[in-house]
Amino acid sequence: MINGSKRPKPDVDQAWQKFYTQLKADGLAVGQVETKKHAISPSFWRWSAAALLCALFVGVGAGVYFWTQSSYFEMVVVQNNEIDEALVATLPDGSVALLSGKSRITYHQPHTSSPRRVAIEGEAFFDVFKDERCPFIIETEQVTVEVVGTSFRMRSDEACPFELTVKSGIVKVVLLNIDQNVYVESGEQVQLIANSLQKSNVEDVRISGQGVNRLYFKEESLGQIIKIVNAYSDESAHLAFEDESLLKRNFTITLDVGSVEGIADLLCDILSLQQKRVDNVIYLSEK
């Protein structure tokens with residue numbers, strides 16, 4: 001506040017239009033930004049612009065975290081640059097996204113407003129934190145996905161316009177151009193075929209695409225790492241910690257996709273832990 005008067009609220013649409021005009025003048029624009037009502041969500045174009053900026057500064061490595069900040073908004077782009085490695089990212093609301101190779105997601109920060117919005121390019125598995133007051137919405141050019149608390153794998157790229165497979169819970173899918181609504185439940189898949197959403201049953205819901213050989217965790221808690229390892233494994237055995245205080249420690253680590261026993265051995269070696277197995281549970285603890 002200056003001299004007792006309120007700071008005027010900026011015209012966000014006008015600011016983004018000016019930003020896009022500059023991109024176009026520099027030969028970097030990839031679409032048309034409109035402030036009018038459009039079949040495609042206006043926020044999609046804003047995220048596309050942020051994603052375009054991210055692409056200009058992408059480096060090497062498994063994951064690239066990029067954000068823009070101002071007094072009025074903050075956006076984060078998480079990108080996996082690898083092919084055979086899945087990047088695990090925890091969103092600010094507690095939801096988890098597991099990005100397959102050459103995939104990225106974009107979301108608002110701090111991601112606590114209603115609704116929680118995410119844009120995706122490529123393939124990712126989402127384990128959404130349940131909050132009935134604040135739906136979790138994923139947007140593509142043709143489809144909008146809305147959930148409250150569930151887990152599902154989703155793909156949207158040039159080779160596959162849209163595909164979603166639900167592992168748990170129920171997901172609402174809306175095809176924008178004809179306003180078709182479909183509810184997809186656990187063990188079901190929906191695909192965009194011939195401009196229509198078509199459902200089918202699936203026997204096995206993998207949380208990552210084919211060809212993923214490693215899981216990359218960047219500054220993730222040990223509890224989150226163990227949760228993903230247990231969910232990813234097809235084996236009956238799973239990992240647990242006797243001392244829950246260890247679960248809060250953060251690590252950056254790459255784990256080869258293999259047996260749970262092998263991952264337990266690696267964690268024990270790196271973190272100087274010991275293990276014991278009781279039936280199908282491998283308990284890890286400090287020595």
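The values are calculated or read from the model by the stated rules, or taken from the named source; none is laboratory data. As the structure is a prediction and not an experimental result, all values here were calculated from the model. Cβ: placed from backbone, ideal geometry, glycine included. Neighbour counts: every protein chain shown.
Some points to look at:
- Strands (runs of 3 or more DSSP E) enclosed by region 130-231 - at least 3 residues per element that are under 17 Å from the mean Cα position of the chain (by Cα) and not charged (D, E, K, R): 136-139, 143-147, 151-156, 163-168, 214-221
- Selection of region 92-104 for residues being touching a residue at least 24 places away in the same chain (Cβ under 8 Å) and closer than 17 Å to residue 135 by Cα yields 93, 94, 95, 96, 97.
- Residue within region 242-257 that is without any contact (Cβ under 8 Å) to a residue 12 or more places away in the chain and under 21 Å from residue 214 (Cα atoms) present: no
- As a summary of the residue check, residue 263 satisfies the conditions (1) surrounded by 14 or more Cβ atoms within 10 Å (Cβ to Cβ); (2) outside the structural domain of residue 282 (by TED's automatic domain parsing) except for the one numbered (2).
- Test result for residue 125, under 27 Å from residue 224 (Cα atoms), in contact (Cβ under 8 Å) with a residue 24 or more places away in the chain and part of a loop (DSSP other than H, G, I, E, B): no
- Residue match in region 269-287 (condition: within 26 Å of the chain's Cα centre (by Cα), closer than 12 Å to residue 225 by Cβ and in contact (Cβ under 8 Å) with a residue 40 or more places away in the chain): no
- Scope region 109-133; condition over 24 Å from residue 256 (Cα atoms) and touching a strand residue (DSSP E or B) at 6+ places or on another chain (Cβ under 6 Å); matching residues: 109, 115, 116, 117, 118, 119, 120, 121, 128
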